[in-house]
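Structure first, commentary second.
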């Protein structure tokens, strides 16, 4: 429910921060916090533990892309990028850096809320839920993988992709469907990056990443997640 969600809004323009804060507050979000710079945003992400970050690209000093790259070193929190620029290259830069969606200014309040709610649905936490694989256990709540005596963090994109595969465990998920999960409807050209994300997932989850038994390639179609028998899903 919205009242349980924390939203962090990051923009160097005070007027825009207040406008966006009001949009989420009126929509019933229980806690909306704001930051006027990149360093302040990173500090608030650590202390406030937001469920979603609304991040402006064009900020002086540390811009949104830099904030996002730094954030992705330690956190899988979903991020919606805002920008006055709508060039495709900027969007790909954002997605490559780990953004979950991208919205150009000016925007309608309803569209902002729709995008935010869609991200929260895709990335929403499944409290206490863990998934056993052949060689590892995936903690969906904490976005991490335990394999043997090692623990690996999952990036936001990796978590989204794994959730999509898990929701369809035992069934083929097409390359297009997986790309759309992390990029939205404009995903063409993302296929090579998807393959990189899948490789990273296998490195964290498979006993032998070169001979995967959990995340299986279905040639020419996509991928399939295989769960051990007795998983209880």
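The values are calculated or read from the model by the stated rules, or taken from the named source; none is laboratory data. Here the structure is a predicted model, which is why all the values come from computation and not from measurement. Please note: Cβ atoms are built from the backbone with ideal geometry, for glycine as well, and neighbour counts cover all protein chains shown.
Things to note:
- When residues in region 197-220 are screened for being in a loop (DSSP other than H, G, I, E, B) and at pLDDT 95 or above, 9 of them pass.
- Qualifying residue in region 68-88 (condition: under 28 Å from residue 140 (Cβ atoms), part of a helix (DSSP H, G or I) and in contact (Cβ under 8 Å) with a residue 40 or more places away in the chain): no
- Some residue of region 181-196 being in contact with a strand residue (DSSP E or B) (Cβ under 8 Å, 6 or more places away or on another chain) and modelled with pLDDT of 90 or more: no
- Selection count where residues are exposed (fewer than 14 other Cβ atoms within 10 Å of the Cβ), assigned to a helix (DSSP H, G or I) and touching a helix residue (DSSP H, G or I) at 6+ places or on another chain (Cβ under 9 Å), scope region 155-194: 1
- Some residue of region 10-19 being crowded, with 19+ Cβ neighbours inside 10 Å and in contact with a helix residue (DSSP H, G or I) (Cβ under 7 Å, 6 or more places away or on another chain): yes
- The lone criterion from (1) surrounded by fewer than 21 Cβ atoms within 10 Å (Cβ to Cβ); (2) at pLDDT 90 or above; (3) in the same structural domain as residue 35 (by TED's automatic domain parsing) left unmet by residue 67 is number (1).
- Restricting region 1-52 to residues that are in contact (Cβ under 8 Å) with a residue 60 or more places away in the chain and assigned to a loop (DSSP other than H, G, I, E, B), the residue that is nearest to the chain's Cα centre (by Cα) is 51.
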